[in-house]
Amino acid sequence: MCVQSVRFTEAMIYVALSDGREIGLPLSLPWLAWLAQATPEQRARWSLEPRGFAVYWEELDNGIEVAPLLTSQPM
């Protein structure tokens, strides 16, 4: 399964997967602090890593892999 899209609310990140699932995680999780501190503009500038198994924010020099999202555990 690959990432299809990413969206945010004020307190959450949602990642839509190619299998139809959407995973929502609170930005208050300690391992997402770097993303919680980003501006909405910075959050909007994401890209997919090759094969779509990770989302990357070049400006923030960080990203999220799909596998840990499924268990809500940092990698």
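Values in this text are rule-based calculations from the coordinates and carry no lab data. Because the structure is a prediction, the values reported are computed rather than measured. Every residue, glycine among them, receives a Cβ derived from its backbone with ideal geometry; neighbour counts consider all protein chains shown.
Excluding the site residues themselves, the longest part of the chain lacking any trypsin sites (Lys or Arg not before Pro) in a DSSP loop with at most 16 other Cβ atoms within 10 Å is 46-75.
When the chain is treated as a Gaussian network with alpha carbon springs shorter than 10 Å, the biggest mean-square fluctuation among LEU48, LEU60, LEU35 belongs to LEU60. Each eigenvalue of the Cα gyration tensor of the chain, multiplied by 5 and square-rooted, gives one semi-axis; in descending order these are 17, 14, 12 Å.
Dipole size of the chain about its Cα centre, with +1 on Lys/Arg Cβ and -1 on Asp/Glu Cβ: approximately 160 debye, rounded to the nearest 20. Between GLU41 and CYS2, what's the calculated FRET efficiency when r is the beta-carbon distance and R0 is 25 Å? Round to 0.05. With R0 = 25 Å, the Cβ-Cβ based efficiency is 0.50.
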